[in-house]
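The values are calculated or read from the model by the stated rules, or taken from the named source; none is laboratory data. Keep in mind that this is a model prediction, so the values were computed, not measured. Every residue, glycine as well, gets a Cβ built from its backbone with ideal geometry; the counts of neighbours run over all protein chains shown. Each accessible area value is taken on the protein alone, full model and side chains, heavy atoms only, with ligands, DNA and RNA left out. Shrake-Rupley method; radii C 1.70, N 1.55, O 1.52, S 1.80 Å.
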Amino acid sequence: MHYSVQNACALMFYSPTWQIYEDSDGFKVNDMLEVYGILSVDPALGVINDESTKDGSSILDPIECMDTMEEQRVHSPPPSLVPRLHAIVTRKLQHVNPFLPTTLKDKENKDYITNIMPELSTVRTELLGFLTHMLLGDSLAAEYLLLHFISTVYSRRDILPLGKFTVNLSGCPRDNTYTKYLHRTIQQLVPSSYCLPMTLNNMNTLRFIPHKDYTANRLVTGVLQLASNTSLMLDETLLEQGQLDTTGVRNVTALGNLITWQKVDYDFNFHQMEFPCNINVLITSEGRSLLPSDCQVHLQPQMIPANVEEYMANLQTAVVPSMLKKFRIYVSLLRLIDYSISDEVTKAVEEDFVEMRKSDPRSITAEDLHQLLVVARLVSLSAGHTTLSRERWQRAKQLEVLRKSRIQQQTHVNGNEP
């Protein structure tokens, strides 16, 4: 029987000897798993243990029989709605792209990566052209969007997540037709994505963070409970004037924590528990976003289609399947590739930063250096290089100068922050 990806499934674990773990810590919240097991839709699994049972016996575990009726209903939903998958072999996945090997550690797969690396530069050029058309002819915005797609949290230093690259694409048309098709295009490129329309109603009514339901004794999911490397698009063009209530303020705070610290604070009523995450966040907005971001890029369309919906739809269908496959491999692979900086280049970067501080001490800060290093890393990886060179360092500096110059120009035009 076929179940669509929208269906929930209760995964049943048994003795650890039946499981294969990739690390000693086992599985964590929001991990992506590959499971081989036995699918069961036996109606008897949905039987509730109560006094109405004919002989008073129960097929449930004796410990479960001590649960309240509410807990039993939650823990034993009808198998027609929530089938049971009895796990025999389980494996934690680095990614869910079917076009890539499940792991890059094996020698055979390392050879595959070595052979494909020289092709990445060509794929980058094709993808950059596609994104430029998608962004109405804006090649600078396309460059930053490409860097955003391949970004990932590769490490953590204390509480600071390293590698995240949240982009605020400002200057988007207020008509949500454009952002709707923009997300549809993103869906074609990444394995998992979610678009959150930031309407006032959504902000005030949706529960963004998971919370513990003590009556049913279960954790209730929230909007921000997403798998690792999910692309989250926050559409701020739909945010209208109005008042955020207590829930809305809490949700904005949750989004800020996700963007800044790459963590979600699960609500256990009496306390909160931090769960680290790795979510690529893209914010589309008319002006500057009310949310924090690592990088604001103001969209400057070089063309205005007479019919945006028709233009974006035609653009999606114009990409041939073979090229789309290459785009998908490109984006997923570069999130997994190791990267390093040699001592020689590190010294050159430090000397260059000192010179930049001398020429303009007020506008160049340690945060600017961190931002440049992130951009330089992504520029290098995007071209299929696993180490930083002087040439790519200069390219990163050039991109940042162009981006900041555009924002300043927009500020002068509007008379305030865009």
- prompt: Given 25 °C and 0.890 mPa s, how large is the Stokes-Einstein diffusion coefficient of the chain in µm²/s, with Rh as the Kirkwood radius over Cα pairs?
  reply: 101 µm²/s
Residue-normalised accessible area of the stretch 126-247, given per residue in Å² at a 1.4 Å probe: 39 Å²
message: If you fit an axis through the alpha-carbon atoms of helix 308-318 and take the longest principal axis of the Cα set of the chain, what angle between them do you get, 0 to 90°, nearest 10?
response: 80 degrees
task: Could you state the angle between the C-alpha long axis of helix 107-116 and the longest principal axis of the C-alpha atoms of the chain, as a value from 0 to 90 degrees rounded to the nearest 10?
output: 40 degrees
statement: Note, LEU381: beta-carbon cut-off 15 Å, +1 each Lys/Arg, -1 each Asp/Glu, net +2
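So if R0 is 45 Å, what FRET efficiency would LYS325 and ARG362 give, r being the distance between their Cβ atoms, rounded to the nearest 0.05? List each step's numbers first, then the result.
Numbers: r = 48 Å, r/R0 = 1.07.
With R0 = 45 Å, the Cβ-Cβ based efficiency is 0.40.
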task: Using only the alpha carbons, work out the radius of gyration and Dmax of the stretch 287-363 in angstrom.
output: 20.7, 52
- request: Could you work out which residue, out of GLN408, GLN300, GLN262, moves most in a Gaussian network model of the chain, that is, has the largest mean-square fluctuation with Cα springs under 10 Å?
  value: GLN408
query: From the phi of every residue in the stretch 171-183, what ³J(HN,Hα) in whole Hz does the Karplus formula 6.51 cos²θ - 1.76 cosθ + 1.60 yield, where θ is phi - 60° and glycine or proline is x?
result: x, 6, x, 5, 4, 6, 4, 5, 5, 5, 6, 4, 5
- prompt: From the Cα gyration tensor of the stretch 100-243, with a ≥ b ≥ c the square roots of its eigenvalues, which class applies: rounded if a/c is under 1.5, or else prolate if a/b is larger than b/c, or else oblate?
  reply: oblate
- prompt: Treating the beta-carbon of each Lys and Arg as +1 and of each Asp and Glu as -1, no other charges, what is the dipole magnitude of the chain about its Cα centre, to the nearest 20 debye?
  reply: 1020 debye
